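Please read the structure below before turning to the comments.
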Amino acid sequence: MTDYDAILLAGFGGPEGQDDVIPFLRNVTRGRGIPEERLEEVAHHYRHFGGISPINSQNRALKAALEAELSARGIDLPVIWGNRNWDPYLADVIRDAHAVGYRRLIAIATSAYSSYSSCRQYREDFAEALATTGLDGEVHIDKVRQFFDHPGFVLPFIDGVSQALVDVATAVPGINLTTEVEVLFATHSIPSTDAARSGPAERGFGEGGAYAAQHLAVAEVVMAAATSSIAEAVDTPWQLVYQSRSGPPTMPWLEPDINDAIALLSARGIRAVVIVPLGFVSDHMEVLWDLDNEALTTAAEHGLYALRVPTPGTNPAYVSGLVDLVMERVHDVPDEERPAMTALGPWYDVCRPGCCENVRLGFKPAVAGMAP
């Protein structure tokens, strides 16, 4: 059992004005040698929304929702919020936490899956923040397990897909949900080499590593539950697709791209597509631009009716689930009593040695895991 002083909500961060866009993108891509012209291309996505990423306001809303849930349960744990790439920065937040007497923090990273960018990089940034502030050894940071198959994360997607199939049937009278509709589960693409090294090597997940395996396992659970909830059982086809690729063409990334997948559907007789942002916890830029703009436009160009399922956001089940994950650590709940909706979980509290290596950068110091 561990008495934590506070919950650290760890976000990616995003610009909050036009002048912030390029400095923010430089923060995100530092050390990767991304040319300025490529940053300008991505900056267009943010400038389309006034230079404001929705992610900070979403994390403010999530922080408030967590505080309300904790209060309703009578749990006396403050929530502090820090970002990896924009203000409020992790180092500043940790320094302030130390100043008010917080010494043990339990972190919730706003990412559910195992990979370098969605897990280990958060752990490395925690370690860097502690080193930068000189508080390594003074402040201890643990992290809740990856929650890809926790009910709090999965149930909102089940509800969303169930409703989407009903909505498609209403919007396109006479459509066959088994032969004329396809569900696309979308997540952020990552380099294939990083994917292969996601999760513990001894688990033997294969080419896509734990990252692909976790998404596939969750998608299967979502589809089974969503289709069985419809009055007349259906067997709607689905596939896992990827989006938001940012690497050079010479570097292999996980495929297929969602737009390429959509372009092939009409030739198979598909008339409608349901897009599920399975890799995302809220409607941030990759959802608003890459899905709501680009993917829906691609669907329209190919004559497909399309709709997008909501992300968990501040769904009560999701918020309650995050608090449950914290309390697992507070009370040292045994693995057999921890909920998991796939056979892959529950995932590890402490990341395994060598988990989620970045091949190009190697291993950097990281907290909440075993070295390296």
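Points worth noting:
- ³J(HN,Hα) computed for each position of segment 61-77 - Karplus, 6.51 cos²θ - 1.76 cosθ + 1.60, integer Hz, glycine/proline x: 5, 5, 4, 5, 5, 5, 4, 5, 5, 4, 5, 4, 8, x, 9, 8, 9
- Taking the longest Cα principal axis of the chain as reference, the axis of helix 209-228 is set at about 50 degrees.
- In this structure, the amide hydrogen of residue 278, modeled 1.01 Å from its nitrogen in the peptide plane, lies closer than 5 angstrom to those of 186, counting only residues at least 5 positions away or on a different chain.
- In order along segment 106-117, the phi-based Karplus estimate (6.51 cos²θ - 1.76 cosθ + 1.60, θ = phi - 60°) of 3J(HN,Hα) comes to 10, 9, 10, 8, 7, 7, 9, 10, 9, 5, 4, 6 Hz; Gly and Pro are listed as x.
- Residue 233/residue 37 FRET efficiency (R0 41 Å; Cβ-Cβ; nearest 0.05): 0.20
- ³J(HN,Hα), Karplus 6.51/-1.76/1.60, whole Hz, each residue of segment 356-372, x for Gly, Pro: 6, 5, 9, 4, 6, 9, x, 8, 10, x, 8, 9, 6, x, 8, 5, x
- Under-5 Å amide H pairs with residue 245, H placed in peptide plane, nonlocal only: 189
- Between residue 201 and residue 224, the modelled labels are 3.2 nm apart [label points 7 Å from Cα along Cα→Cβ].
- Entry for mean projected area of the Cα convex hull in nm² (calculated from the structure that is shown) out of (1) 15.4; (2) 17.2; (3) 18.8: (3)
- Neighbour-count ranking [beta-carbon atoms within 10 angstrom, fewest first] of 275, 22: 22, 275
- Gain upon complete extension [residue 72, residue 359; 0.36 nm per residue less C-alpha separation]: 98.9 nm
- For segment 86-124, backbone nitrogen atoms closer than 17 Å to the point 7 Å from residue 371 Cα along Cα-to-C-beta are found at 124.
- Here the chain is scanned for trypsin sites (Lys or Arg not before Pro) in DSSP loops (not H, G, I, E, B) that have at most 14 other Cβ atoms within 10 Å, and the longest stretch holding none of them is 104-359.
- Restricting segment 199-295 to GluC sites (Glu not before Pro) in coil, as DSSP defines it, with at most 13 other Cβ within 10 Å: 207, 232
- Long-range amide H partners of residue 107 with built H, under 5 Å: 8, 142, 143, 144
- A crude spin-label estimate for the pair residue 171 and residue 331, with each label 7 Å from Cα along the Cβ direction, gives 4.2 nm.
Only the coordinates and a few stated rules stand behind these numbers; no lab work does. All values derive from a computational prediction rather than experimental measurement. Cβ coordinates were reconstructed from backbone atoms using ideal geometry, including for glycine residues, and neighbour counts include every protein chain displayed.
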